[in-house]
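Since the structure comes first, as structure tokens, the remarks are kept for the end.
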Amino acid sequence: MSLKGRSILDAGIFTPDVFAELAERTTRLLDARPEPIFRDEVVAMLFYQPSTRTRMSFQLAAIRLGAQVIYTEDAGQFSSAAKGEILEDTTRIVAGYRPKALVLRHHDEDAPVVVDRNMQRLGFAMPVFNAGSGAGEHPTQAALDLYTIQRELGRTSDVEVAFVGDCRYSRTVRSLVTLLARCPGAKVHFVSVPELRVGADVRDTLDRAGVPYTETDDWEDLVPTVDILYMTRPQKEWFTDEAMFQTVKDRFVLDLPTARRMKPGARILHPLPRNEEIALAVDPLPQAAYFRQADYGPPLRTALFQMVCG
Amino acid sequence: MSLKGRSILDAGIFTPDVFAELAERTTRLLDARPEPIFRDEVVAMLFYQPSTRTRMSFQLAAIRLGAQVIYTEDAGQFSSAAKGEILEDTTRIVAGYRPKALVLRHHDEDAPVVVDRNMQRLGFAMPVFNAGSGAGEHPTQAALDLYTIQRELGRTSDVEVAFVGDCRYSRTVRSLVTLLARCPGAKVHFVSVPELRVGADVRDTLDRAGVPYTETDDWEDLVPTVDILYMTRPQKEWFTDEAMFQTVKDRFVLDLPTARRMKPGARILHPLPRNEEIALAVDPLPQAAYFRQADYGPPLRTALFQMVCG
Amino acid sequence: MSLKGRSILDAGIFTPDVFAELAERTTRLLDARPEPIFRDEVVAMLFYQPSTRTRMSFQLAAIRLGAQVIYTEDAGQFSSAAKGEILEDTTRIVAGYRPKALVLRHHDEDAPVVVDRNMQRLGFAMPVFNAGSGAGEHPTQAALDLYTIQRELGRTSDVEVAFVGDCRYSRTVRSLVTLLARCPGAKVHFVSVPELRVGADVRDTLDRAGVPYTETDDWEDLVPTVDILYMTRPQKEWFTDEAMFQTVKDRFVLDLPTARRMKPGARILHPLPRNEEIALAVDPLPQAAYFRQADYGPPLRTALFQMVCG
């Protein structure tokens with residue numbers, strides 16, 4: 001399957017062969033500069049949710065390819081009107097400016113799909129890149145996560161992953177699980193308080209793929225055995241009860257003694273930014289891969305632009 | 001008359017011969033790329049009022065010409081000080097950075113004129129582009145509107161236009177009327193509630209040009225006869241009375257049955273964004289020209305940069 | 001001493017020979033374009049405090065060298081977490097994007113030093129440019145100020161400078177004093193209300209250098225004798241008492257009669273923006289050098305980028 005001209009709406013698009021090509025291109029881009037295939041072109045970025053990391057990462061990928069970026073973060077100012085309507089209007093107008101790609105971050109789970117359908121209906125060829133959609137998907141983060149696993153462990157098969165913290169609202173968990181479900185020999189654990197348990201749809205994905213998984217609120221036995229500790233940050237916005245949030249937030253903190261119990265070859269991932277769920281003292285450990293994970297972001301997104309728009 | 005080196009402060013600058021050249025250049029740019037006359041140069045954009053569409057449109061025009069854009073949207077943060085003083089300071093400083101053009105959007109009607117005069121007094125050659133000034137002028141929008149009329153109807157003479165909604169505070173109405181007043185055989189209608197009636201200065205413009213116009217709060221008979229329905233969006237900021245705003249806002253809504261009563265060759269324009277004054281169901285009609293109108297924005301502004309700075 | 005690869009954390013780095021080279025390069029850049037040594041590269045700007053002038057000035061310097069700018073002004077959104085921790089995380093991530101330089105503006109005095117140390121510890125070669133740190137330092141502004149003095153007076157020795165207004169919290173005062181302390185024959189006066197008197201560290205700098213200085217709340221006798229009146233803007237944020245701020249703010253206003261008492265060859269400097277501490281009527285005087293001072297900003301920062309990153 002080729003990504004050429006296709007929108008990146010959910011992690012499902014990264015089939016094993018697509019991911020293999022993406023990973024190979026990304027690795028080449030770690031040290032080399034790409035051809036400037038976007039020279040004198042623009043990439044449009046509409047962010048209805050603010051973001052520093054994902055924005056900069058996509059922006060850098062576009063710049064490395066020679067593009068200039070048309071960016072708006074205040075897209076949400078029009079939210080007073082019916083959301084779907086205005087999102088369709090804004091993206092229709094941006095499409096008329098003929099950017100090479102539209103990168104969209106939105107608080108609604110279905111926003112990227114709605115926009116993509118609308119573009120197709122109207123005859124615009126502009127591919128849509130989902131840069132995070134509500135509690136739904138974050139496909140480029142998932143591809144980045146799996147790339148990090150491959151690069152750090154040397155493999156994507158027979159990987160045992162524990163997701164820790166917010167398994168319920170974290171879109172990076174959902175998106176990465178989609179990819180893990182296709183990796184031979186994967187095993188998955190969800191470590192969380194009851195309030196942040198993983199959703200039925202994610203469990204279904206694993207069940208259908210025959211991937212074994214467990215749910216627990218005790219990670220003592222998992223820490224020394226898993227290959228990947230995927231830490232996440234419980235977010236205040238999902239809690240109406242402040243006290244509840246404070247409790248949940250501090251339940252799973254990866255401090256130095258805990259991290260030292262991990263296998264030497266195991267790795268810690270985190271989509272960043274972190275709050276206090278990983279202690280600073282952990283950073284120098286070889287297991288701490290979260291900054292390298294961030295480093296791979298721009299080259300991976302550059303590679304993705306190449307495959308979709310090249 | 002040549003636009004070379006001149007500021008674009010109000011729609012009056014678009015005399016018939018200037019507009020003819022602008023329109024010709026715009027049409028050429030619909031499919032072709034311009035020479036990068038701004039290569040390694042910058043265009044400064046100072047927006048004291050936020051805007052997504054006008055900003056992106058100007059930004060794209062500058063980028064297509066090879067420029068990078070120095071943009072500030074938080075210009076308004078200095079509004080605590082005496083406005084005129086600080087506006088003069090900020091624009092003087094920006095002028096010292098030697099941009100090829102200054103694009104200014106401001107809540108004061110006379111801001112562009114004040115800045116332009118100050119620049120001339122200080123000996124700076126930097127042209128000022130008014131990208132919307134309070135309830136005053138929006139000259140590039142007016143040129144875009146007239147271009148859309150020409151392109152969609154095939155002519156700018158003998159055009160009958162009904163402005164609908166906010167005839168009072170809409171700067172796009174005032175600016176476009178200036179241009180229509182010079183089009184042979186123009187007829188104008190203002191459709192609004194009494195609170196949003198067109199101002200005396202606009203009526204004067206038409207009177208002096210001998211252009212017939214009517215004012216009404218009933219558009220039933222106009223819908224099937226006019227060539228252009230120019231819809232506008234009543235804006236909450238002008239109403240102290242919330243209930244009043246709600247009533248006014250819903251008074252003239254172009255729904256599908258209404259739109260279907262228009263002549264086949266007639267067109268609907270709107271400066272966008274819309275709220276609910278045009279139903280989504282209207283979009284597929286051939287009369288719905290508002291998105292094409294937006295599409296013409298970047299090439300028209302590119303053409304204008306060429307004429308002023310080329 | 002060479003600036004190559006070094007961070008610009010405080011004004012102390014501008015030793016006489018470094019400053020001489022910087023000044024010479026800046027003067028050359030007033031009329032000429034630099035080699036685009038940043039072509040296809042990015043410069044990262046993290047602004048935890050908003051700024052229009054300093055931002056645009058650095059941005060323009062980067063653009064003139066061919067760079068694109070990755071900018072974030074909402075860096076402060078993460079301030080809910082432990083500041084030091086998150087600043088280290090954010091800058092570590094940005095460093096991984098391999099920008100040619102990191103320009104940092106932050107409300108903490110020690111932020112640039114903390115970041116620079118962290119970068120060195122982690123093995124990143126990215127130089128850090130302090131674009132203003134709390135009430136601490138603003139080294140590029142100080143270099144700009146001294147360059148303006150040299151260019152306007154024709155010398156940096158035997159210069160008598162009166163700082164007026166906020167001598168306590170103004171980081172530009174502290175940074176410029178560091179440079180003046182190295183200029184032979186310098187004399188310094190601090191004109192302020194008691195609440196805004198200069199700090200002990202600044203007085204120490206002058207004492208150690210053997211530079212004579214006075215402190216006063218009466219500038220009548222100084223106005224006709226000094227070479228440089230360095231006006232500053234008392235900032236509301238430092239006052240808990242609104243009435244106190246209003247009194248202080250209006251205590252030293254340079255109106256036309258006062259400015260006319262200055263020596264013909266003397267000059268008025270101001271880091272801008274001004275509130276009301278310099279009357280508009282003063283602007284046309286030959287002594288009014290504050291806008292030229294701003295004009296020198298982009299070429300000076302371009303020269304600095306050349307020396308550090310070239």
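The values are calculated or read from the model by the stated rules, or taken from the named source; none is laboratory data. These figures come from a predicted structure and were not determined experimentally. When we count neighbours, we look across all protein chains shown, and the Cβ atoms used for this are built from the backbone with ideal geometry, even at glycine. Please note that ligands, DNA and RNA were not included when accessible areas were found on the heavy atoms of the full protein model with its side chains. Shrake-Rupley method; radii C 1.70, N 1.55, O 1.52, S 1.80 Å.
List the accessible area buried at the contact between A and B, summed over both sides and calculated with a 1.4 Å probe, in Å² to the nearest 100.
2300
If you put a point 7 Å past Cα along the Cβ direction, how far is that point for A:Arg39 from the same point in each other copy, in nm, smallest first?
1.0, 1.0
Within chain A, which whole H helices from DSSP have a Cα span along their axis of at least 15 Å and a mean Kyte-Doolittle hydropathy of -1.0 or more, if any?
The qualifying helices are A:16-29, A:53-64, A:83-96, A:111-122, A:139-153, A:297-309.
Between B:Asp40 and C:Gln49, what is the FRET efficiency for a Förster distance of 35 Å, r being their Cβ-Cβ separation, to the nearest 0.05?
For B:Asp40 and C:Gln49, the calculated efficiency is 0.70.
P(r) tail for the protein assembly as shown, what percent of Cα pairs lie past 57 Å?
16
Anyone know which of A:Phe163, A:Phe129, A:Phe19 comes out most mobile in the 10 Å Cα GNM of chain A?
Top of the fluctuation ranking is A:Phe19.
Is the shape of region C:197-288 best called rounded, prolate or oblate, per the rule: a/c under 1.5 gives rounded, else a/b larger than b/c gives prolate, else oblate, with a ≥ b ≥ c the square roots of the Cα gyration tensor eigenvalues?
In terms of gyration-tensor shape, oblate.
For A:93-105, what's the mean count of beta carbons from other chains sitting within 10 Å of each residue's beta carbon?
For this peptide, the per-residue mean of nearby foreign Cβ atoms is 3.
Which of the pairs C:Lys187/C:Lys263; A:Lys187/A:Lys263; A:Lys187/A:Lys236; B:Lys187/B:Lys236 have their Cα atoms more than 18 Å apart in this structure? Each step should come with its number before you reach the end.
Values: C:Lys187/C:Lys263 16 Å; A:Lys187/A:Lys263 16 Å; A:Lys187/A:Lys236 29 Å; B:Lys187/B:Lys236 29 Å.
As for pairs spanning more than 18 Å Cα to Cα, those are A:Lys187/A:Lys236; B:Lys187/B:Lys236.
Amide H neighbours of B:Phe239 under 5 Å, at least 5 residues apart or on other chains, H built in the peptide plane: list them.
For B:Phe239, whose amide H was placed from the backbone, there are no distant partners under 5 Å.
Dipole magnitude of region B:10-60 about its Cα centre, charges +1 at Lys/Arg Cβ and -1 at Asp/Glu Cβ only, in debye to the nearest 20? Spell out each step's value before the answer.
Numbers: 6 positive and 8 negative charges, 59 e Å.
That gives a dipole near 280 debye.
Heavy atoms only, probe 1.4 Å: what % of the accessible area of the protein assembly as shown goes to carbon and sulfur, would you let me know?
Accessible surface attributable to carbon and sulfur in the protein assembly as shown totals 48 percent.
With loop defined by DSSP as not H, G, I, E or B, and exposure as at most 14 other Cβ atoms within 10 Å, which is the longest segment of chain B clear of exposed trypsin sites (Lys or Arg not before Pro)?
Segment B:40-154 is the longest.
So what is the diffusion coefficient of chain A in µm² per second by Stokes-Einstein at 25 °C and 0.890 mPa s, using a Kirkwood Rh over Cα pairs?
Numbers: Rh = 19.9 Å.
Rounded to a whole number, D works out at 123 µm²/s.
Please report, for A:Glu215, the nm distances (one decimal) from its label point, 7 Å out from Cα along the beta-carbon direction, to the equivalent points in the remaining copies, shortest first.
6.7, 6.7
Picking from A:Asp217, A:Asp283, A:Asp31, which is most flexible by a Gaussian network model of chain A using Cα springs under 10 Å?
Residue with maximal mean-square fluctuation among A:Asp217, A:Asp283, A:Asp31: A:Asp31.
What does the accessible area per residue of region A:1-71 come to in Å², with a 1.4 Å probe and no ligands, DNA or RNA counted?
On the way: 2680 Å² over 71 residues.
Here the per-residue accessible area is 38 Å².
Might you tell me the accessible area per residue for region B:185-269, computed with a 1.4 Å probe and given in Å²? Spell out each step's value before the answer.
Working: 4240 Å² over 85 residues.
For region B:185-269, the per-residue accessible area is 50 Å².
Would you compute, for the Cα atoms of region C:140-294, the largest minus smallest coordinate along each principal axis and list the three values in descending order, in whole Å?
That works out to 41, 37, 30 Å along the principal axes.
If r is the Cβ-Cβ distance from A:Asp158 to B:Ala200 and R0 is 60 Å, what FRET efficiency results, to the nearest 0.05?
Approximately 0.15, to the nearest 0.05.
Kindly give the distances from A:Arg261 to its copy-mates, label point to label point, with each label point 7 Å from Cα along Cα→Cβ, as nm values to one decimal ordered shortest first.
7.6, 7.6
For chain B, with only Lys/Arg (+1) and Asp/Glu (-1) charged at the beta-carbon, what is the dipole magnitude about the Cα centre, in debye rounded to 20?
Values: 37 positive and 42 negative charges, 209 e Å.
Charge dipole, chain B, about its Cα centre: 1000 debye, nearest 20.
Residues of region B:20-57 losing 20 Å² or more of accessible surface, assembly versus chain alone, probe 1.4 Å, please list them.
B:Arg33, B:Arg39, B:Asp40, B:Glu41, B:Val42, B:Pro50, B:Thr52, B:Arg53, B:Arg55, B:Met56
About its Cα centre, what dipole magnitude does the protein assembly as shown give when the only charges are +1 on Lys and Arg Cβ and -1 on Asp and Glu Cβ, stated in debye to the nearest 20?
Roughly 2900 debye for the protein assembly as shown.
Which residue, C:Thr148, C:Thr27, C:Thr232, tops the fluctuation ranking in a GNM of chain C built on C-alpha contacts under 10 Å?
So, out of C:Thr148, C:Thr27, C:Thr232, the one fluctuating most is C:Thr27.
By Cβ position, which chain B residue lies least far from the axis that rotates chain B onto chain A, and what is the distance to the nearest whole angstrom?
Nearest Cβ to that rotation axis, in whole Å: B:Gln68, 4.
What residue among B:Leu122, C:Leu30, C:Ala200 has its Cα farthest toward the positive end of the dipole of the protein assembly as shown, where the charges are +1 on Lys, Arg and -1 on Asp, Glu, each on the Cβ?
C:Leu30
Of A:Tyr230, B:Ala95, B:Ala259, whose Cα points farthest to the positive end of the dipole of the protein assembly as shown (charges on the beta-carbon: +1 Lys, Arg; -1 Asp, Glu; origin at the Cα centre)?
With unit charges placed on the Cβ atoms, the residue in question is B:Ala95.
Could you tell me what fraction of 2.2 N^0.38 Å the Cα radius of gyration of region B:2-146 comes to, as a two-decimal ratio?
In units of the 2.2 N^0.38 Å rule of thumb, it is 1.02.
Answer with one residue from A:Ala289, A:Pro273, A:Val161: the one whose Cα lies farthest towards the positive end of the charge dipole of region A:140-294, charges on Cβ with Lys, Arg +1 and Asp, Glu -1.
Checked the options; the winner is A:Ala289.
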